[in-house]
Structure formats: structure tokens, C-alpha cells
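Data block below; observations after.
The values are calculated or read from the model by the stated rules, or taken from the named source; none is laboratory data. Please read these numbers as outputs of a predicted model, since none were measured by experiment. Counting neighbours? That spans all protein chains shown, and the Cβs are built from the backbone with ideal geometry, glycine included.
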Amino acid sequence: MMRCLFCNLKFEREPGYFLGAMYIGYGLGVGAIAVLAATVWEVLKWPVVKSTVGGIVLFLALAPAPVLTWVARVLWIYMDQAIDPDRT
Ligand SMILES: [Zn+2]
């Protein structure tokens, strides 16, 4: 079981613990793509569908896949600790 070196927090409290983080990651990804697509649409005046594809391409080019997963997991841990603190 992995624990934080600094505060001794258990990272994976139970099997499948980070499943919920996937939903956060999905939301963050969709949100980021929407912002990028809107930017492409505004700047280049492309049609909406083409701008959306442009937003997805930009997202894949700008955001290395693991970053979104890390951010989502950190947010997930903060949420979980706020609701149900691990005092062990
Ligand atoms: Zn820690």
C-alpha cells in the first residue's frame, strides 16, 4: 500500500478507489476541449464542427495524457478527504 512520504496519506484506500477520478478527468477534458474549440471558433471564424475538431486536436497536442489523470486524482483525493477523512 503506497503512502505519502510527507503526511502518510494512503493513496489508494480501496480497490477501484480512483474510478471516480475518471469522471473528474472526463469533465476536465470536455471542459478544456470546449474552451479550446470556442477559442478556435472565435479567432479563426471556422464553422462550429471544424472548430470542435480543432479544439480536440489542440487538446491532444497541448495536454499530455497523464497530466489530466494526475490533476483528476488530486482533486478526487481532496474531495474524498473533505467528505470522509482518513485518520489512520
Ligand atoms: Zn501527503
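Points to keep in mind about this one:
- Test: Pro85 is exposed (fewer than 13 other Cβ atoms within 10 Å of the Cβ), modelled with pLDDT under 95 and away from the ligand (no atom under 16 Å from the Cβ): no
- Segment 50-59, residues that are surrounded by fewer than 17 Cβ atoms within 10 Å (Cβ to Cβ) and within 30 Å of Ile77 (Cβ to Cβ): Ile56
- Criterion violated by Asp80 - all others in (1) among the charged types (D, E, K, R); (2) away from the ligand (no atom under 16 Å from the Cβ); (3) part of a helix (DSSP H, G or I) satisfied: (2)
- Qualifying residue in segment 31-47 (condition: of a type in the set (Ser, Thr, Tyr), within 16 Å of the ligand (Cβ to nearest atom) and part of a helix (DSSP H, G or I)): no
- Qualifying residues in segment 1-30 (those that are aliphatic (A, V, I, L, M) and within 15 Å of Val74 (Cβ to Cβ)) - the one surrounded by the most Cβ atoms within 10 Å (Cβ to Cβ): Ala21
- Scan segment 31-49 for residues that are farther than 22 Å from Leu68 by Cα and either under 24 Å from the mean Cα position of the chain (by Cα) or loosely packed, with under 13 Cβ neighbours inside 10 Å (or both) and the total you get is 8.
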